[in-house]
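Asks: My questions will all concern the structure given below.
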């Protein structure tokens, strides 16, 4: 999702995106931009008054006219200030803050709606967190930038048009010099983009090198390859600097070249103006006035070019926001009449491929999980076990086949209906920075304190919770590291128990625990799986010998299925795994530094 | 717009390595501004001469304008080039300095700070400096120099107009100061609200799978919304309180009011013949720039404020305490390890992780460290390679205090295999050869064979030359572990520390892994941390830890007979092993 090389968005599109992003404040936003434009035009007209003023003072020696033009100029300036003042009210009356607030709320809702598949990997997580975190920061400067752009473009334009009343040649010259910068700016951006690509690649490499270096520090240090000896890292840095320098010559400098066009134009205007004045066809006072005006225009233009960096930040942010908002939620096809009566689960010829993967993670996957049965998924890592559970929870839809609960395709269930039927316990536990009570209760907001406590007791966590300083009211953030992995896991099981869903997914809930915690968690799980349809992912095969059926997966396919006894008798893949595991169980280090060779069972 | 307090001290400090070049760039920028002003003066002169004698070409002054403009332009270009090159250089220098610092701090520091967070400092935070160093420094120089010189020029041209222009600016800044009145408190509130939003965002996004499973997101989303609401309230309040003054100041500091004052005042003075038209013209061309040169400075604050946090983080890492190494003591005499009355706590005032731990491991023996989670066994293992230094007592390797030998010597005596195995984005062969660059291919293959890794490596598309991919992603945990073991076999160091080396292997890999470990341990002094007890039964000695203390030591049978912590752990272990889901225990066919 994060685009390393940005493509260029037409300004029209950026404008539309801005209107969409400001949501219900879109009209006010448009009005405020119009206000800024009016201010810029008025400012240009006010400046144009300098011309007749100079003529009145220097050439005509007409005091009344001079006074009149001074008053006109002041009035126009005052009007421009009022317009800008009102327009900036969008920022200062907090409209912009409200708009970004709405936008972030919308983005949050979108995250709740979009397929979980898109949020699963870490990079997507970090990217979205960054996006949501920086919305206001990026959009807050929109009006400031727009004000700069409009002042830089419209004021010279309005002024030049007014100048036609005094000297058409100078007016024309002015028209040619200032608006020229806009096409020039747009024109050099693609070139800039090309330079950016090489730069983005070099940056990516450095970023990866650094991450690798820091993550690998223990290993690198053990190998004495850190600091000055980290040659790969140093080579990467040198390469990046080289590309940056090159990129600066090709990419960043044109920014200044563009401004230089304006300066060159001004010099030409001066030469022409002097020539006309010497020839007697131009009042030198007009020329003087035009230069007083033009000096006013040069600065905002230069400033504008300087701030294109911020403009690009805004454009990128808008792009990313649109992309995120455009991800469709998984559709609910012709909702089922009622909720499923039974809670058996069926996978019907399912094939699924992750968006970024080249090969399907699951193929021709068909299985029936009768209600209140225990089904185990076993197989090597990467064989598709977790994908099966994700499809059941509808993190994504399969490309082929169906997943049914109680005979109803889960695509016909509303997300809340589906989620109400499934509890899950994962290997990694996530506890929220809230009270323990709230962490358990989130599974069923209506639950009473007694019900929460009952769930906690059943999950064998009441005892240690009661020992905490504030009991159930203790905030997880306050005790953070003091909860052991097993304790966190039991809280998450209490959560699942309270939810009381008929289907339970267990993804290696004890893999990361030591034996003592494991026993307690095992007891908690026993309470959770009673009388439910259970699907469990297990590495240790002995934990699932009692399963009603064991599905052995390899490379996305079911290669064997049956009960433990049947699979042992079949003498296939499962039996080989079982025997391998039994062997390692009896492996242990031997005295005097010799490890015992694995003994056959 | 509310912004965080900007102290630029740190910003200038961090540029020290390229200070010379930056100063040069700033000097060029100042020179460019001077030429620009001179160009304006000459322009006024040109126009004035033209008005005085309309039929004559004002050659000298017109050419002067041309020369000054060209000089100003070229100087500005060079200034920006210099500041950019300096910025690129600074990135490289800072990253190198950071990488070297990280090589000398305790690994515990790296672990506590988190590899991801540190990598972010080295990459993102350093990158964030660019805007400030490259783009802002020349502008700053100009923003400070131009108003002063302009003011001097105005005074020389006409003191009344100079005062008029200055009065407008003073008024504007006075109002601005009024707007900033409450800044300290508001900044604090604002930052607090922002942090709250960030925390809520991170929680909301990271926990999304859990959120979806357990509620429709009500409670988490509620927290997210509350944080947003609070933020909105703070921002709105800031706007309400400071909005008028800020907007007013902006309106005044805009060049237009200055221009109006100069036009009115100048027109009156000129009309009453107390001011020469040429001087008035010069003031008009120069004077309004005073306000303008300051405007970019105010805008830049936004960019600079973003950089400030980055600078703080970089400086923090650069100041991280390094591990002292006297490096004077002799080399270890044998492969023994000895803990003498070791106390250890994480950080100042942290909880005591180890207290009074003392034991010794004879060369060539196998010692297992066991205990409930949080007992300190992994800490013991990690103190040997100096992830941290002990709070009291000492650790001897081969009779020498680990703090008194050079890091290289220590590393040449001890090999480590941890749970998490790290492969580099290099070939498989290079990954095995890491730390023993002199090893030839035959030695690499022999090590891989001993580590049960040769077969799967040979089956890879490019064999030993296959790139290990992004952190070895396409290799299974067990395969990566065996490559790490091959590396340790090749390194062939006399002391071996294993931290639950078989934890994450799947069943089929586990058997191969076990064979690889057996090969690795041959003839070594082994210190083995075991979270599961099945592997340690036959260790020469088992050290049992509980809450940071060494509570029992002995052989398996002795400890079981003692009926203490170890016996309890062993019973849990047996029970956990025989558990089967659904209350149908394994009928193990052993």
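The values are calculated or read from the model by the stated rules, or taken from the named source; none is laboratory data. Note that the structure is predicted; figures quoted are calculated from it, not measured. Positions of Cβ are backbone-derived with ideal geometry, glycine not excepted, and every protein chain shown enters the neighbour counts.
Asks: Filter the stretch B:51-68 down to the residues that are outside any loop (DSSP other than H, G, I, E, B) and over 59 Å from the mean Cα position of the chain (by Cα) and list them by number.
Replies: Of everything in the stretch B:51-68, those that are outside any loop (DSSP other than H, G, I, E, B) and over 59 Å from the mean Cα position of the chain (by Cα) turn out to be B:51, B:52.
Asks: Report whether or not residue B:205 is farther than 25 Å from residue A:144 by Cβ, within 14 Å of another protein chain (Cβ to nearest Cβ) and part of a helix (DSSP H, G or I).
Replies: So residue B:205 passes the test.
Asks: Ok, one more. Which of the following residues is touching a residue at least 12 places away in the same chain (Cβ under 8 Å) and within 12 Å of another protein chain (Cβ to nearest Cβ): A:370, A:360, A:398, A:380?
Replies: A:380
Asks: Could you go through the stretch A:519-531 and let me know if any residue there is in a strand (DSSP E or B) and surrounded by fewer than 24 Cβ atoms within 10 Å (Cβ to Cβ).
Replies: No: the stretch A:519-531 contains no residue that is in a strand (DSSP E or B) and surrounded by fewer than 24 Cβ atoms within 10 Å (Cβ to Cβ).
Asks: Quick one: would you say residue A:443 is out of contact with any helix residue (DSSP H, G or I) (no Cβ under 6 Å at 6 or more places or on another chain), in the same structural domain as residue A:537 (by TED's automatic domain parsing) and closer than 21 Å to residue A:522 by Cα?
Replies: So residue A:443 fails the test.
Asks: For the stretch A:165-178, give me each residue that is farther than 18 Å from residue A:73 by Cβ and over 49 Å from the mean Cα position of the chain (by Cα).
Replies: Hits for the stretch A:165-178 are A:167, A:168, A:169, A:170.
Asks: Next question, about the same structure. I'm trying to understand the selection: among the residues of the stretch A:513-526, which are within 37 Å of the chain's Cα centre (by Cα) and facing chain B (nearest Cβ under 8 Å)?
Replies: Quick first cut of the stretch A:513-526, residues within 37 Å of the chain's Cα centre (by Cα) only: A:513-514, A:517-518, A:521, A:524-525.
Passing the criteria: A:513, A:514, A:517, A:518, A:525.
Asks: Continuing with this model, one more query. Of the residues A:28, A:72, A:37, A:68, only one is surrounded by fewer than 23 Cβ atoms within 10 Å (Cβ to Cβ) and modelled with pLDDT under 95; which?
Replies: A:28
Asks: Just name the residue that is modelled with the lowest pLDDT out of those in the stretch A:243-275 that are over 13 Å from residue B:81 (Cβ atoms) and out of contact with any helix residue (DSSP H, G or I) (no Cβ under 7 Å at 6 or more places or on another chain).
Replies: A:264
Asks: Same structure again: Only one residue in B:337, B:380, B:370 is touching a helix residue (DSSP H, G or I) at 6+ places or on another chain (Cβ under 9 Å) and either more than 24 Å from residue B:113 (Cβ to Cβ) or in the same structural domain as residue B:542 (by TED's automatic domain parsing) (or both), so which one is that?
Replies: Checking each option against the conditions leaves just B:370.
Asks: Only residues in the stretch A:109-130 that are closer than 14 Å to residue A:325 by Cα and in the same structural domain as residue A:317 (by TED's automatic domain parsing) count as the first member; pair them with residues that are at pLDDT below 70 and part of a helix (DSSP H, G or I), Cβ under 7 angstrom, at least 6 apart or cross-chain, and list the lot.
Replies: Sorted first by the residue in the stretch A:109-130, then by its partner, the pairs are A:118/A:124; A:119/A:125.
Asks: Of the conditions (1) outside the structural domain of residue A:384 (by TED's automatic domain parsing); (2) modelled with pLDDT of 65 or more, residue A:601 clears all except one; give me its number.
Replies: Checking residue A:601 against (1) outside the structural domain of residue A:384 (by TED's automatic domain parsing); (2) modelled with pLDDT of 65 or more, the one that fails is (2).
Asks: From the list B:355, B:381, pick out the single residue that is touching a strand residue (DSSP E or B) at 6+ places or on another chain (Cβ under 6 Å) and outside any helix (DSSP H, G or I).
Replies: Sole residue among the options that is touching a strand residue (DSSP E or B) at 6+ places or on another chain (Cβ under 6 Å) and outside any helix (DSSP H, G or I): B:355.
Asks: Here's something else I'd like to know. Test residue A:142 against the criterion of being at pLDDT 80 or above, more than 9 Å from chain B (Cβ to nearest Cβ), within 29 Å of the chain's Cα centre (by Cα) and within 26 Å of residue A:29 (Cα to Cα), and give yes or no.
Replies: yes
Asks: Filter the stretch A:415-427 down to the residues that are closer than 21 Å to residue A:508 by Cβ and within 9 Å of another protein chain (Cβ to nearest Cβ) and list them by number.
Replies: A:422, A:423, A:424, A:426
Asks: Any idea which of A:558, A:493 is under 29 Å from residue B:476 (Cβ atoms), buried (at least 24 other Cβ atoms within 10 Å of the Cβ) and away from chain B (no Cβ under 11 Å)?
Replies: On the way: A:558 fails: buried (at least 24 other Cβ atoms within 10 Å of the Cβ).
Only one candidate passes the filter, namely A:493.
Asks: Does the stretch B:386-397 hold any residues that are surrounded by 22 or more Cβ atoms within 10 Å (Cβ to Cβ) and at pLDDT below 90, and which are they?
Replies: Scanning the stretch B:386-397 gives a single hit, B:386.
Asks: Please verify whether the stretch A:11-19 includes one or more residues that are surrounded by 23 or more Cβ atoms within 10 Å (Cβ to Cβ), in the same structural domain as residue A:167 (by TED's automatic domain parsing) and assigned to a helix (DSSP H, G or I).
Replies: Taking every residue of the stretch A:11-19 in turn, none turns out to be surrounded by 23 or more Cβ atoms within 10 Å (Cβ to Cβ), in the same structural domain as residue A:167 (by TED's automatic domain parsing) and assigned to a helix (DSSP H, G or I).
Asks: While we're looking at this one, here's another question. Restricting to the stretch A:433-467, and then to whatever is within 13 Å of another protein chain (Cβ to nearest Cβ) and over 14 Å from residue A:494 (Cβ atoms), can you tell me which residue is surrounded by the most Cβ atoms within 10 Å (Cβ to Cβ)?
Replies: A:434
Asks: Also: Does residue B:490 qualify as being at pLDDT 85 or above, under 33 Å from the mean Cα position of the chain (by Cα) and closer than 21 Å to residue B:412 by Cβ?
Replies: no
Asks: A further question on this structure: Just give me the residues in the stretch A:454-472 being assigned to a helix (DSSP H, G or I), touching a helix residue (DSSP H, G or I) at 6+ places or on another chain (Cβ under 9 Å) and over 19 Å from residue A:530 (Cβ atoms), in sequence order.
Replies: Passing the criteria: A:463, A:464, A:465, A:466, A:471, A:472.
Asks: Looking for something within 7 Å of chain A (Cβ to nearest Cβ), over 17 Å from residue A:67 (Cα atoms), in contact with a helix residue (DSSP H, G or I) (Cβ under 7 Å, 6 or more places away or on another chain) and surrounded by fewer than 24 Cβ atoms within 10 Å (Cβ to Cβ) - is there at least one such residue anywhere in the stretch B:268-286?
Replies: yes
Asks: Sticking with this one: Mind telling me which of the residues A:197, A:189, A:169 ends up being in contact with a helix residue (DSSP H, G or I) (Cβ under 9 Å, 6 or more places away or on another chain), modelled with pLDDT under 75 and over 25 Å from residue B:104 (Cβ atoms)?
Replies: Result: A:189 is the single residue among A:197, A:189, A:169 that is in contact with a helix residue (DSSP H, G or I) (Cβ under 9 Å, 6 or more places away or on another chain), modelled with pLDDT under 75 and over 25 Å from residue B:104 (Cβ atoms).
Asks: In the stretch A:70-96, how many residues are within 16 Å of residue B:228 (Cα to Cα) and touching a residue at least 40 places away in the same chain (Cβ under 8 Å)?
Replies: 2
Asks: Could you pull out the residue among B:232, B:262 that is facing chain A (nearest Cβ under 9 Å) and either surrounded by 18 or more Cβ atoms within 10 Å (Cβ to Cβ) or modelled with pLDDT of 90 or more (or both)? Please lay out each step first, then the result.
Replies: On the way: B:262 fails: facing chain A (nearest Cβ under 9 Å).
When all the criteria are applied, what remains is B:232.
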